Amino acid sequence: MCKANVFFSYHYAFDAERAAVVRGLNLVHANTPEPLDRWSDISSDIGRTREWIAESLARHDVLVVLVGERTSNRPLVHLEIEQAAALEMPIVGVRIHRLAPSSTRGHGRGLNPFDRLKLHDRAGQVFRPRLVETSTVDPVGDLRANLGRWVQRAWRNEFTRERRAEEFIASLRDEAVGG
């Protein structure tokens, strides 16, 4: 199992079953999804949502964006990606549209969510996270064989970010109180 703590970002309404397949492989330490009643309370206020996302990301080492048909259109996914970049957190995208859910919704490939965002590294250079395609023949086997390696590679290429995370969360709190 990869030792990095992973925060999974995905379109909940359309890709929760696929995300459950990925989580069920138990290849990485992952965030626990928020219960719906707690999430509806948090998501009703954009300031609280931003702060919750920042605090959640700060407890993890790598952001893995599970990309399905509609992921690129989700404002909260964009927010998670932007905040992970601000925290200098490693980001990797994994296409999950080939994982077959019990329903038929959302089987399309979908656009790359990183194409819509301008992310900057420490030096101010624009960068785009890696987006990995899964096998057309055996996507679950491909994930089982490679997800831990993809996460580990992203994690090893980044430096410690604890201080940066604390500064970022403090700045969100300052914005929320008008300071």
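Summary of computed values
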{"quantity": "Residue ID - surrounded by the fewest Cβ atoms within 10 Å (Cβ to Cβ), chosen from residues in segment 60-100 that are of a type in the set (S, T, N, Q) and under 26 Å from residue 140 (Cβ atoms)", "calculated": "73"}
{"quantity": "Some residue of segment 101-120 being surrounded by fewer than 16 Cβ atoms within 10 Å (Cβ to Cβ), among the acidic types (Asp, Glu), under 24 Å from residue 17 (Cβ atoms) and at pLDDT 75 or above", "calculated": "no"}
{"quantity": "Listing of strands (runs of 3 or more DSSP E) fully contained in segment 59-157 that carry 2 or more residues being under 27 Å from residue 46 (Cβ atoms) and of a type in the set (A, V, I, L, M, F, W, C)", "calculated": "62-67, 91-95"}
{"quantity": "Selection within segment 103-155 - touching a residue at least 24 places away in the same chain (Cβ under 8 Å), β-branched (Val, Ile, Thr) and within 16 Å of residue 91 (Cα to Cα)", "calculated": "132, 151"}
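Here's the yes/no breakdown for (1) closer than 20 Å to residue 149 by Cα; (2) modelled with pLDDT of 85 or more; (3) part of a helix (DSSP H, G or I); (4) among the aromatic types (Phe, Trp, Tyr):
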| site | (1), (2), (3), (4) |
| --- | --- |
| 8 | yes, yes, no, yes |
| 13 | no, no, yes, no |
| 17 | no, yes, yes, no |
| 20 | yes, yes, yes, no |
| 37 | no, no, yes, no |
| 40 | no, no, yes, no |
| 50 | no, yes, yes, no |
| 54 | no, yes, yes, no |
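The values are calculated or read from the model by the stated rules, or taken from the named source; none is laboratory data. Keep in mind the model is a prediction, meaning the values are calculated, not measured. FYI the Cβ positions are ideal-geometry reconstructions off the backbone, even for glycines, and counts take in every protein chain you see.
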